[in-house]
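Report on one structure; see the data block that follows.
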Amino acid sequence: MTENGVRRVVTGRNGRRSAVAGDQLVEPVVVSALPGYSWHRIWSQDQPPAGLDGLDGPDGPPPGHGQAHFPPPGGLRFNIYTVPPQGAGLGAARTAEAERELERALPGRSRYMETGQDGMHRTPTLDLICVLSGEVWLELDDGEIHLRQGDCVVQNGTRHAWRNRSGAPCSMAVVLIGASQAGHGDRNERP
(Lines give C-alpha, C1' and ligand atoms only; values in the text may rest on other atoms or scores of the structure.)
Protein backbone atom coordinates (compact mmCIF):
# COMPACT_ATOMS: atom_id res chain seq x y z
CA MET A 1 0.00 0.00 0.00
CA THR A 2 1.31 3.42 -0.94
CA GLU A 3 -0.11 6.94 -0.67
CA ASN A 4 -0.99 6.70 -4.36
CA GLY A 5 -2.77 3.39 -4.34
CA VAL A 6 -3.27 -0.18 -3.27
CA ARG A 7 -2.39 -3.05 -5.57
CA ARG A 8 -5.43 -5.23 -6.28
CA VAL A 9 -4.84 -8.69 -7.75
CA VAL A 10 -7.93 -10.59 -8.88
CA THR A 11 -7.78 -14.28 -9.71
CA GLY A 12 -10.05 -16.17 -12.04
CA ARG A 13 -10.20 -19.22 -14.24
CA ASN A 14 -8.72 -19.69 -17.68
CA GLY A 15 -10.52 -22.81 -18.79
CA ARG A 16 -9.68 -25.36 -16.11
CA ARG A 17 -6.69 -23.47 -14.73
CA SER A 18 -6.48 -20.71 -12.16
CA ALA A 19 -4.92 -17.50 -13.39
CA VAL A 20 -4.48 -13.82 -12.66
CA ALA A 21 -7.54 -12.11 -14.11
CA GLY A 22 -6.54 -8.58 -13.18
CA ASP A 23 -3.69 -6.66 -11.56
CA GLN A 24 -4.09 -2.95 -11.04
CA LEU A 25 -3.46 -0.04 -8.70
CA VAL A 26 -6.58 1.22 -6.89
CA GLU A 27 -6.37 4.98 -6.30
CA PRO A 28 -7.75 6.47 -3.08
CA VAL A 29 -11.01 8.38 -2.87
CA VAL A 30 -10.38 11.65 -1.00
CA VAL A 31 -12.63 14.64 -0.38
CA SER A 32 -11.67 18.17 0.61
CA ALA A 33 -14.28 18.24 3.40
CA LEU A 34 -12.47 15.37 5.18
CA PRO A 35 -8.72 16.04 4.82
CA GLY A 36 -6.48 13.11 5.66
CA TYR A 37 -9.24 10.50 5.30
CA SER A 38 -9.10 8.12 2.35
CA TRP A 39 -11.00 5.13 1.02
CA HIS A 40 -9.41 2.65 -1.39
CA ARG A 41 -12.34 0.80 -2.96
CA ILE A 42 -10.91 -2.65 -3.55
CA TRP A 43 -14.08 -4.62 -4.41
CA SER A 44 -17.81 -3.89 -4.57
CA GLN A 45 -20.88 -5.98 -5.29
CA ASP A 46 -24.53 -5.05 -4.80
CA GLN A 47 -25.67 -8.68 -4.60
CA PRO A 48 -24.07 -12.05 -3.90
CA PRO A 49 -22.23 -13.48 -6.92
CA ALA A 50 -24.25 -15.96 -8.99
CA GLY A 51 -21.11 -18.04 -9.41
CA LEU A 52 -17.39 -17.54 -9.33
CA ASP A 53 -16.95 -17.83 -13.10
CA GLY A 54 -19.48 -15.11 -13.92
CA LEU A 55 -17.86 -11.91 -12.62
CA ASP A 56 -18.08 -8.72 -14.70
CA GLY A 57 -15.05 -9.11 -16.92
CA PRO A 58 -11.48 -9.98 -15.94
CA ASP A 59 -11.27 -7.41 -13.14
CA GLY A 60 -14.75 -7.96 -11.65
CA PRO A 61 -17.14 -5.11 -11.02
CA PRO A 62 -15.55 -1.66 -11.07
CA PRO A 63 -15.27 -0.72 -7.37
CA GLY A 64 -17.61 2.04 -6.33
CA HIS A 65 -18.65 3.18 -9.79
CA GLY A 66 -22.17 4.46 -9.28
CA GLN A 67 -22.67 2.32 -6.20
CA ALA A 68 -23.74 3.58 -2.79
CA HIS A 69 -20.95 3.89 -0.24
CA PHE A 70 -22.69 1.33 2.01
CA PRO A 71 -23.93 -1.90 0.37
CA PRO A 72 -27.57 -2.96 0.09
CA PRO A 73 -28.70 -6.22 1.76
CA GLY A 74 -26.60 -9.05 0.33
CA GLY A 75 -24.03 -6.67 -1.16
CA LEU A 76 -20.51 -6.01 0.02
CA ARG A 77 -17.78 -3.42 -0.03
CA PHE A 78 -14.09 -4.10 0.56
CA ASN A 79 -12.14 -0.93 1.37
CA ILE A 80 -8.89 0.16 2.87
CA TYR A 81 -9.99 3.04 5.10
CA THR A 82 -7.48 5.52 6.52
CA VAL A 83 -8.28 7.75 9.52
CA PRO A 84 -5.91 10.68 10.11
CA PRO A 85 -4.73 11.73 13.58
CA GLN A 86 -7.45 13.64 15.44
CA GLY A 87 -7.41 17.31 14.47
CA ALA A 88 -5.69 16.66 11.13
CA GLY A 89 -8.96 15.68 9.46
CA LEU A 90 -10.85 18.86 10.28
CA GLY A 91 -11.86 20.67 7.13
CA ALA A 92 -13.36 24.09 6.78
CA ALA A 93 -17.03 24.55 7.54
CA ARG A 94 -19.09 22.38 5.22
CA THR A 95 -20.40 24.43 2.35
CA ALA A 96 -23.11 23.29 -0.03
CA GLU A 97 -20.36 22.54 -2.58
CA ALA A 98 -18.45 20.43 -0.02
CA GLU A 99 -21.64 18.45 0.69
CA ARG A 100 -22.11 17.86 -3.06
CA GLU A 101 -18.48 16.69 -3.34
CA LEU A 102 -19.02 14.24 -0.46
CA GLU A 103 -22.15 12.86 -2.11
CA ARG A 104 -20.42 12.46 -5.50
CA ALA A 105 -17.37 10.73 -4.01
CA LEU A 106 -19.15 8.66 -1.32
CA PRO A 107 -22.79 8.29 -2.50
CA GLY A 108 -25.27 7.89 0.34
CA ARG A 109 -22.67 8.13 3.14
CA SER A 110 -24.09 11.30 4.68
CA ARG A 111 -27.49 9.63 5.05
CA TYR A 112 -26.04 7.50 7.87
CA MET A 113 -23.85 10.10 9.58
CA GLU A 114 -25.43 11.71 12.64
CA THR A 115 -25.79 15.45 12.63
CA GLY A 116 -23.68 17.21 15.23
CA GLN A 117 -22.08 13.96 16.47
CA ASP A 118 -18.58 14.19 14.96
CA GLY A 119 -18.55 10.93 13.03
CA MET A 120 -21.05 8.87 15.02
CA HIS A 121 -23.06 6.64 12.71
CA ARG A 122 -24.96 3.41 12.41
CA THR A 123 -25.29 1.46 9.18
CA PRO A 124 -27.29 -1.64 8.23
CA THR A 125 -24.11 -3.64 7.72
CA LEU A 126 -21.99 -6.32 9.31
CA ASP A 127 -18.47 -4.86 9.27
CA LEU A 128 -15.33 -7.02 9.39
CA ILE A 129 -12.34 -4.85 10.25
CA CYS A 130 -8.61 -5.46 10.68
CA VAL A 131 -6.22 -2.69 11.71
CA LEU A 132 -3.36 -2.80 9.18
CA SER A 133 -1.23 0.02 10.57
CA GLY A 134 -1.37 2.61 13.31
CA GLU A 135 -3.91 2.68 16.10
CA VAL A 136 -7.49 3.85 16.49
CA TRP A 137 -10.16 4.09 19.16
CA LEU A 138 -13.59 2.60 18.44
CA GLU A 139 -16.19 4.71 20.23
CA LEU A 140 -19.43 2.96 21.20
CA ASP A 141 -22.38 4.06 23.34
CA ASP A 142 -20.88 2.38 26.42
CA GLY A 143 -17.28 3.51 26.01
CA GLU A 144 -14.22 3.11 23.81
CA ILE A 145 -11.83 0.35 22.87
CA HIS A 146 -8.24 1.03 21.80
CA LEU A 147 -7.22 -0.97 18.72
CA ARG A 148 -3.70 -1.53 17.40
CA GLN A 149 -2.14 -3.11 14.34
CA GLY A 150 -3.42 -6.68 13.93
CA ASP A 151 -6.54 -6.19 16.06
CA CYS A 152 -9.83 -7.21 14.46
CA VAL A 153 -13.42 -6.09 15.04
CA VAL A 154 -16.79 -7.56 14.08
CA GLN A 155 -19.08 -4.54 14.07
CA ASN A 156 -22.73 -5.67 14.20
CA GLY A 157 -24.60 -2.62 12.93
CA THR A 158 -24.08 -0.69 16.17
CA ARG A 159 -23.73 3.06 16.61
CA HIS A 160 -20.04 3.97 16.56
CA ALA A 161 -17.28 6.35 15.49
CA TRP A 162 -13.57 6.01 14.75
CA ARG A 163 -11.15 8.26 16.68
CA ASN A 164 -7.44 8.45 16.00
CA ARG A 165 -5.72 9.93 19.06
CA SER A 166 -2.24 8.90 17.93
CA GLY A 167 0.23 10.97 15.95
CA ALA A 168 0.07 8.87 12.76
CA PRO A 169 -2.63 7.76 10.31
CA CYS A 170 -4.43 4.47 10.93
CA SER A 171 -5.32 2.20 8.00
CA MET A 172 -7.88 -0.57 8.28
CA ALA A 173 -9.06 -3.30 5.93
CA VAL A 174 -12.87 -3.13 6.06
CA VAL A 175 -15.42 -5.51 4.56
CA LEU A 176 -19.00 -4.22 4.81
CA ILE A 177 -21.76 -6.78 4.23
CA GLY A 178 -25.22 -5.34 3.67
CA ALA A 179 -27.93 -6.56 6.06
CA SER A 180 -31.64 -5.94 6.42
CA GLN A 181 -32.61 -2.54 7.78
CA ALA A 182 -35.46 -4.00 9.85
CA GLY A 183 -35.28 -2.50 13.32
CA HIS A 184 -32.26 -0.43 12.32
CA GLY A 185 -33.69 2.94 13.32
CA ASP A 186 -33.06 6.52 12.34
CA ARG A 187 -29.55 7.94 11.81
CA ASN A 188 -30.06 10.34 14.72
CA GLU A 189 -31.43 7.71 17.08
CA ARG A 190 -29.77 7.87 20.49
CA PRO A 191 -29.51 5.09 23.05
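The values are calculated or read from the model by the stated rules, or taken from the named source; none is laboratory data. Just so it is clear, the structure is predicted and the values come from calculations on it, not from any experiment. Quick reminder, even Gly has a Cβ in these numbers, built from the backbone with ideal geometry, and neighbours come from all protein chains shown.
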Just to be sure, is residue 8 at pLDDT 85 or above and more than 16 Å from residue 172 (Cα to Cα)? no
Residue 166 among the polar types (S, T, N, Q) and assigned to a helix (DSSP H, G or I) = no
May I ask you to verify whether residue 73 is crowded, with 17+ Cβ neighbours inside 10 Å, modelled with pLDDT of 90 or more, more than 14 Å from the chain's Cα centre (by Cα) and of a type outside the set (S, T, N, Q)? no
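I'd like the full set of residues that are among the basic types (Lys, Arg), surrounded by fewer than 17 Cβ atoms within 10 Å (Cβ to Cβ) and modelled with pLDDT of 85 or more, limited to the stretch 86-127.
100, 104, 111
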Filtering the stretch 169-184 down to residues that are part of a loop (DSSP other than H, G, I, E, B) and under 17 Å from residue 79 (Cα atoms) yields 169
Looking across the stretch 143-191 at residues that are of a type in the set (Ser, Thr, Tyr) and at pLDDT 95 or above, the single one that is farthest from the chain's Cα centre (by Cα) is 166
Scanning the stretch 130-140 for residues that are among the hydrophobic types (A, V, I, L, M, F, W, C) and more than 13 Å from residue 157 (Cβ to Cβ), the one surrounded by the most Cβ atoms within 10 Å (Cβ to Cβ) turns out to be 136
Q.
So for the stretch 28-42 (the condition being buried (at least 18 other Cβ atoms within 10 Å of the Cβ), at pLDDT 75 or above and farther than 29 Å from residue 146 by Cα), does at least one residue qualify?
A. no
